[in-house]
Amino acid sequence: MSGAAPKNDTPIENKDILVQYMASGCKPPEKWRIGTEHEKFAFRLSDLKPLTYDGEDGIRELLIRLTRFGWEPVYEGENVIALSSKDGSSVSLEPAGQVELSGAAVENIHQTCDEVSSHLHQVKAIAKEMGIGFVGLGYRPKWPLEDIPWMPKGRYKIMREYMPKRGNLGLDMMKSTCTVQVNLDFCSEETMVQMFRVALALQPIATALWANSPFRNGKPSEFLSFRSQIWTDVDPDRSGMLPFVFEDGMGFERYVDYALDVPMYFVYRDGKYIDASGQSFRDFMAGKLPAYPGQTPVMSDWVDHISTIFPEVRLKTFLEMRGADGGPWNRLCALSAFWVGLLYDTEARNAAWDLVKDWTTEERQNLRDEVPKTALRTPFRDSTVREIASEALCISHRGLKNRGRIDSVGMDESHFLKPMFQTAESGLTPADELLAAYYRLWNENVDHVFTEYAY
């Protein structure tokens, strides 16, 4: 979840302008870039509790100290809520103090991993001074929701009041989840559609491979990816597997029609959020928005609106793959490598489409429903998700080999997939490993995760 979009005053006079905006993301393959976003939980070493915003060991202090590395503070009122960099990257503040790096648009996975490594070096240096730590998991392993503080961002106040009206786990999503996301480009509407379909079909496979959230309130949750399960009960208007993407006629206009039917959260004007939760962007275009009567939207309102839609794969002027749990360093790099290998090489993308093109809507939805519980052990036709994951990894590996992006020591990007091949071969996800440690080594005390799995 990001903040309000940068101001773009282009008036939205009709739907065609929105379609043109989405299509403006098309760029030739030589200009395709990779963006990686990852979140992590910050906690106090003294008692393992999440950080408040204020205080000597709070989130505000963390952000201020990070400015020594060249970051510029971003304010909402008097509160520092994010950091920005000239390269386009940012450090943002999630609803309950999760710390997110939104990476710059880079050319290859080697640069992605350099960026992640640099960021973790910075936050670890500050953490040592402040007596805090960071852990990469998909769901907060300990502490009930009432013990987790809110951060002072206007959009989160609106969301936390609206979400319980639409689902039972919206506040869990806001306060207790962390994810890794990969953002990729496309060159045409046709290519976007193929990428979108491949990514949606294989998103449950990625969820299974990266499953890393088996705990809730200090105990096993009965799910290997409880973070993924949460999204099934947040808000049906703005999440899910988007069956229409696989229908004839899918394109930029079809996605715009879908997004226009998703209820709004807010309008951002003059540094303040106006609560428009549940209201219609179509009414806004007609000057009939109850929260802001007589006013019509500009392009930054549309950019804000599509950022509040949360399907498994999201379209902006690029595609966002959103379904993986937060995790350790090598798996952050591996997720970007997985999707780049599948989608940025034509041969690999066609092979990935051949893998999934005959899956039915019901089969895709069943994978989405079952993977949070059983991950790689989930049955599919006469096989399991583990076998599909292995095949998808092989396709991705070929795609990365075909790209031929070499680092300073002569290695291509395919080596970043190594930990995922190990996961697929063993059938044991990070969540399975955590549960084994919980029962066999930790005497069923989840506190050990904060030390043994910290960054």
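Taking the Cβ-Cβ separation of Asn14 and Asn350 as r and a Förster radius of 30 Å, what is the calculated FRET efficiency to the nearest 0.05? It would help to have the intermediate numbers written out before the result.
Numbers: r = 36 Å, r/R0 = 1.20.
Here the calculated transfer efficiency is 0.25.
Would you mind calculating the gained length between Lys357 and Arg68 on full extension (0.36 nm times residue separation, minus the Cα-Cα distance), in nm to one decimal? Before the final figure, lay out the partial values.
Working: separation 289, 0.36 × 289 = 104.04 nm, distance 4.96 nm.
Computed gain between Lys357 and Arg68 is 99.1 nm.
Could you run the Debye sum over the Cα atoms of region 219-362, one equal point scatterer each and no solvent, and tell me log10 of I(q)/I(0) at q = 0.11, 0.20, 0.21 Å⁻¹, two decimals?
Debye curve over Cα of region 219-362, log10 I(q)/I(0) at q = 0.11, 0.20, 0.21 Å⁻¹: -0.57, -1.31, -1.37.
I need the trypsin sites (Lys or Arg not before Pro) found in region 310-401, filtered to DSSP loop residues with at most 13 other beta carbons within 10 Å of theirs. Before the final figure, lay out the partial values.
Values: sites: Arg314, Lys316, Arg322, Arg331, Arg349, Lys357, Arg364, Arg368, Lys373, Arg377, Arg381, Arg386, Arg398, Lys401; in loops: Lys316, Lys357, Arg381.
Listed in order of number, the matching sites are Lys357, Arg381.
Pull out the extension gain between Cys26 and Glu129, defined as 0.36 nm times the separation in residues minus the alpha carbon to alpha carbon distance; nm, one decimal. Walk me through the intermediate numbers first.
Numbers: separation 103, 0.36 × 103 = 37.08 nm, distance 4.46 nm.
Taking 0.36 nm per residue and subtracting the Cα distance, the gain is 32.6 nm.
Pick out the long, greasy-scoring helices in the chain: whole DSSP H runs spanning 24 Å or more along their own axis by Cα, mean Kyte-Doolittle at least -0.5. Numbers along the way, then the final one.
Details: long enough: 109-130 (31 Å, -0.36); 189-209 (29 Å, 0.79); 385-403 (27 Å, -0.33).
Answer set is 109-130, 189-209, 385-403.
So for region 397-455, Kirkwood radius off the Cα pairs, Stokes-Einstein at 20 °C and 1.002 mPa s: how many µm² s⁻¹? Kindly include the intermediate steps, with their values, before the conclusion.
On the way: Rh = 14.0 Å.
The diffusion coefficient I find is 153 µm²/s.
Per the chain: cysteines with no other Cys C-beta under 4.7 angstrom?
Cys26, Cys178, Cys187, Cys394
Convex hull over the Cα atoms of region 36-159, averaged projected area in nm²?
Values: hull surface 31.9 nm².
Directional mean of the projected Cα hull area for region 36-159 stands at 8.0 nm².
Sketch the reach of a paramagnetic label on Asp233 as a point 7 Å from Cα along Cα-to-Cβ, and name the residues of region 161-200 whose backbone nitrogen lies under 12 Å away.
167-173
Report the label-to-label distance for Arg33 and Asp87 in nanometres (one decimal), using points 7 Å from each Cα along the Cα→Cβ vector.
The two pseudo-label positions are separated by 1.1 nm.
With viscosity set to 0.692 mPa s and temperature to 37 °C, compute the Stokes-Einstein D of region 165-219, Rh being the Kirkwood radius across alpha carbon pairs; µm²/s, no decimals.
Working: Rh = 14.2 Å.
The calculation lands on 231 µm²/s.
Give Lys157/Lys272; Lys49/Lys272; Lys7/Lys153; Lys124/Lys153 a once-over and call out the pairs whose C-alpha atoms are over 23 Å from each other. Please report the intermediate quantities before stating the final value.
Working: Lys157/Lys272 12 Å; Lys49/Lys272 31 Å; Lys7/Lys153 18 Å; Lys124/Lys153 25 Å.
Over 23 Å apart, Cα to Cα: Lys49/Lys272; Lys124/Lys153.
Stokes-Einstein at 37 °C, 0.692 mPa s, Kirkwood radius from Cα pairs: D for region 15-452 in µm² s⁻¹?
Working: Rh = 22.3 Å.
It comes out at roughly 148 µm²/s.
222 nm [θ] for the chain, helices only, -39500 (n - 2.57) per DSSP H run of 4+, per residue, to 500?
-12500 deg cm²/dmol
With the contact rule set at Cα under 8 Å and sequence spacing of 6 or more, what percent relative contact order holds for the chain?
Working: 880 pairs, mean separation 95.7, N = 455.
So the answer I get is 21 percent.
Taking 7 Å along the Cα-to-C-beta vector as the label spot, tell me the Phe244-Lys401 distance in nanometres, rounded to one decimal.
4.0
In nm, what is the difference between 0.36 nm times the number of residues separating Gln295 and Cys187 and their Cα-Cα distance?
On the way: separation 108, 0.36 × 108 = 38.88 nm, distance 3.48 nm.
Full extension from Gln295 to Cys187 adds 35.4 nm.
So how do His110, His38 line up by other beta-carbon neighbours within 10 Å, fewest first?
His110, His38
Taking 22 Å as R0, compute the FRET efficiency from the Cβ-Cβ separation of Gln365 and Asp257 and round it to 0.05.
Working: r = 21 Å, r/R0 = 0.96.
For Gln365 and Asp257, the calculated efficiency is 0.55.
Any read-out appearing in this document is the output of simple, stated calculations on the displayed coordinates, not a laboratory observation. All values derive from a computational prediction rather than experimental measurement. All Cβ positions, even for glycine, are placed from backbone atoms using ideal geometry, and neighbour counts span all protein chains on display.
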